[in-house]
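Asker: Below: one structure in structure tokens.
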Amino acid sequence: MATVSLLGLTKKFTDAAAVDALDLEIADGEFVALLGPSGCGKTTTLRLIAGFLQPDSGEIRVGTQVVSSPFILVPPERRSMSMIFQSYAVWPHMTVFQNVAYGLKFKKLSRHEIDRKVVEVLRLVHLDGLKDRYPSELSGGQQQRVALARALVVEPQILLMDEPLSNLDANLREEMRFEIRRLHEEFGITTVYVTHDQAEAMATSDRVAVLNGGRMVQAGRPAEIFDHPRTRFVAEFVGKANILDGRMDGDSRLQLGEGLEIRVARNPDVSLSPGEASVCLRPHNILLTADKSEAQALSSRNYNLFAGVIQRRIYFGESADYTIDLAPYPFTLRVVGPPANLYDKGQRIFALALPEHCVVVSNQ
Ligand code: ATP
């Protein structure tokens, strides 16, 4: 079983911990993305899992075996793990075939067996026709596929990827996300994937673990993280968010200002400082209408109602992005609406949102 358990994992380079008491259970065959801003400890966590670094406290287990602790360090080459780097790290003087076959040399396989495995994996990463080319004759995306093939051909128990797509242009990056997910479904290898790109994390993973300052802030399925962020940091880091600060009035109402109270969704796991709270309201979960009677009808069907003025409109073709000024309240709302029926700057508008989309988050 290739489960990976991080238990109180801590690594310090200076006084401040780069990885701070991290707990994470990765199931056999699961794909988990470590997501967070620059410097939050993602790469350090991955290097700890790979065995390039030793923890100061805590431990890493693969199945039931402790592979890292302050007293134990199983060397990287004995962990049955493959790692893929941002820089591809393919050998420039070897052909595609030789690059991929390289890892198998140490496995004492017959020539025939090596040929069979390399041809098969090149087919799976869609490089069948390019096996005799050198890396300098390949595009960035093709080189990254060579790195993938080389990592997969040795049939590792665990695959570690460190920002593998960040050197590719935007279109190719998007295509390779789907490719990485397809290969994961094909091979089912337990995978840990480091990225600071939330769309990449959501497109590839079964679960996303959000890190901040070396600590785990929240781990969950992509939809769970997006729809039910527990903290302000997660809400703002994963997708666009309106964060509205106020005071809780009971369990399901938030007072945003004199005469402006909204109904909210409260997650019992979110601990709040007494009285104070914030809600995360995603821009695409807000409806706009200029029609007062329609706004009143929706409000009577439990929608929260905000009245404001369009302060800014940006047209993106597939959507329109508005900023709504809610004066006299000190808030603006960002709203993503359909590209049809555009509203104009300066127009009076009603913004409506269901309570389940007003998600209470802690202020961390
Ligand atoms: P990025 O997305 O920029 O790669 P990251 O989330 O992967 O960032 P890490 O590389 O894990 O972050 O770094 C975490 C913290 O540890 C940072 O403050 C970094 O400066 C520090 N750090 C990492 N490696 C070392 C090292 N070898 N010596 C000293 N400090 C280090």
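The values are calculated or read from the model by the stated rules, or taken from the named source; none is laboratory data. Given the structure is predicted, the values throughout are model-derived calculations rather than measurements. When we count neighbours, we look across all protein chains shown, and the Cβ atoms used for this are built from the backbone with ideal geometry, even at glycine. The accessibility values were calculated without ligands, DNA or RNA, using every heavy atom of the protein model including side chains. Shrake-Rupley method; radii C 1.70, N 1.55, O 1.52, S 1.80 Å.
Asker: Identify the residue in region 240-260 that is touching a helix residue (DSSP H, G or I) at 6+ places or on another chain (Cβ under 7 Å) and assigned to a strand (DSSP E or B) and, among all such residues, is most open to solvent (accessible area, probe 1.4 Å).
Answerer: The qualifying residue most open to solvent (accessible area, probe 1.4 Å) is ILE243.
Asker: I've got another one for you. Look through SER68, SER87 and report the one residue that is surrounded by fewer than 15 Cβ atoms within 10 Å (Cβ to Cβ), within 28 Å of ALA209 (Cα to Cα), within 16 Å of the ligand (Cβ to nearest atom) and not basic (Lys, Arg).
Answerer: Sole residue among the options that is surrounded by fewer than 15 Cβ atoms within 10 Å (Cβ to Cβ), within 28 Å of ALA209 (Cα to Cα), within 16 Å of the ligand (Cβ to nearest atom) and not basic (Lys, Arg): SER87.
Asker: Looking for whichever is of a type in the set (Asp, Glu) and free of Cβ contacts under 8 Å to residues at least 12 places away in the same chain here; the options are GLU137, GLU163. Which one fits? So that I can check it myself, show each step before the final result.
Answerer: Values: GLU163 fails: free of Cβ contacts under 8 Å to residues at least 12 places away in the same chain.
Unique residue meeting the criteria: GLU137.
Asker: Related question: Would you mention how many residues in region 246-260 are in contact (Cβ under 8 Å) with a residue 40 or more places away in the chain and of a type outside the set (Gly, Ala, Ser)? Steps first, please.
Answerer: Taking region 246-260 and keeping what is in contact (Cβ under 8 Å) with a residue 40 or more places away in the chain, we get 248, 252, 254, 256-257, 260.
Subsequent filtering for residues that are of a type outside the set (Gly, Ala, Ser) retains 248, 254, 256, 260.
Residues that pass the stated criteria total 4.
Asker: Additional query: Out of curiosity, is VAL146 touching a residue at least 40 places away in the same chain (Cβ under 8 Å), open to solvent by less than 10 Å² (accessible area, probe 1.4 Å) and in contact with a Pro (Cβ under 6 Å, 6 or more places away or on another chain)?
Answerer: Details: touching a residue at least 40 places away in the same chain (Cβ under 8 Å): yes; open to solvent by less than 10 Å² (accessible area, probe 1.4 Å): yes; in contact with a Pro (Cβ under 6 Å, 6 or more places away or on another chain): no.
No: the conditions fail for VAL146.
Asker: Every residue in region 21-46 that is more than 14 Å from TYR193 (Cβ to Cβ) and near the ligand (Cβ under 10 Å from one of its atoms), please.
Answerer: Within region 21-46, PRO37, SER38, GLY39, CYS40, GLY41, THR44 qualify.
Asker: Look at region 229-239 and say how many of its residues are more than 13 Å from the chain's Cα centre (by Cα) and either part of a helix (DSSP H, G or I) or free of Cβ contacts under 8 Å to residues at least 12 places away in the same chain (or both). Talk me through it step by step, then tell me what you get.
Answerer: Taking region 229-239 as the starting set, the residues that turn out to be more than 13 Å from the chain's Cα centre (by Cα) are 230-233.
Cutting the leftovers down to either part of a helix (DSSP H, G or I) or free of Cβ contacts under 8 Å to residues at least 12 places away in the same chain (or both) gives us 232-233.
So the count comes out to 2.
Asker: Further question: Which numbered condition in (1) touching a His at 6+ places or on another chain (Cβ under 7 Å); (2) aromatic (Phe, Trp, Tyr); (3) farther than 25 Å from MET202 by Cα is the only one that PHE31 fails?
Answerer: (3)
Asker: Given the criterion assigned to a helix (DSSP H, G or I), open to solvent by 40 Å² or more (accessible area, probe 1.4 Å) and either at pLDDT 85 or above or more than 26 Å from PRO229 (Cα to Cα) (or both), identify the matching residue among ASP115, ASP132. First the steps, then the outcome.
Answerer: Working: ASP132 fails: assigned to a helix (DSSP H, G or I).
Going through ASP115, ASP132 in turn, just one is assigned to a helix (DSSP H, G or I), open to solvent by 40 Å² or more (accessible area, probe 1.4 Å) and either at pLDDT 85 or above or more than 26 Å from PRO229 (Cα to Cα) (or both): ASP115.
Asker: Go through region 1-59 and tell me which strands (runs of 3 or more DSSP E), entirely inside it, have 1 or more residues that are open to solvent by 40 Å² or more (accessible area, probe 1.4 Å).
Answerer: Values: elements: 4-12, 17-26, 31-35.
By residue number, 4-12, 17-26.
Asker: May I ask you to list pairs of residues, at least six apart or on different chains, whose Cβ atoms are under 8 Å apart, with the first in region 21-48 being free of Cβ contacts under 8 Å to residues at least 12 places away in the same chain and the second being near the ligand (Cβ under 9 Å from one of its atoms)?
Answerer: Every condition considered, the pairs that remain are ARG47/LEU53.
Asker: Taking the condition within 29 Å of THR45 (Cα to Cα), buried (at least 20 other Cβ atoms within 10 Å of the Cβ) and within 16 Å of the ligand (Cβ to nearest atom), does VAL100 pass?
Answerer: Details: within 29 Å of THR45 (Cα to Cα): yes; buried (at least 20 other Cβ atoms within 10 Å of the Cβ): yes; within 16 Å of the ligand (Cβ to nearest atom): no.
For VAL100, the condition - within 29 Å of THR45 (Cα to Cα), buried (at least 20 other Cβ atoms within 10 Å of the Cβ) and within 16 Å of the ligand (Cβ to nearest atom) - is not met.
Asker: Would you check which residues across region 192-204 are open to solvent by 10 Å² or more (accessible area, probe 1.4 Å) and either small (Gly, Ala, Ser) or in contact with an Asp or Glu (Cβ under 9 Å, 6 or more places away or on another chain) (or both) and list them?
Answerer: Once the filter is applied, which keeps residues that are open to solvent by 10 Å² or more (accessible area, probe 1.4 Å) and either small (Gly, Ala, Ser) or in contact with an Asp or Glu (Cβ under 9 Å, 6 or more places away or on another chain) (or both), region 192-204 yields HIS196, ASP197, ALA199, ALA203.
Asker: Still on this structure, I have one more. Which one of these is closer than 28 Å to GLU59 by Cβ and open to solvent by 40 Å² or more (accessible area, probe 1.4 Å): GLU185, GLU155, GLU137, GLU120?
Answerer: Values: GLU185 fails: closer than 28 Å to GLU59 by Cβ; GLU137 fails: closer than 28 Å to GLU59 by Cβ; GLU120 fails: closer than 28 Å to GLU59 by Cβ.
Sole residue among the options that is closer than 28 Å to GLU59 by Cβ and open to solvent by 40 Å² or more (accessible area, probe 1.4 Å): GLU155.
Asker: Among the residues of region 333-344, write down those that are at negative phi and modelled with pLDDT under 95.
Answerer: Step one: list which residues in region 333-344 are at negative phi, which gives 333-340, 342-344.
Correct list: GLY337, PRO338, PRO339, ALA340, LEU342, TYR343, ASP344.
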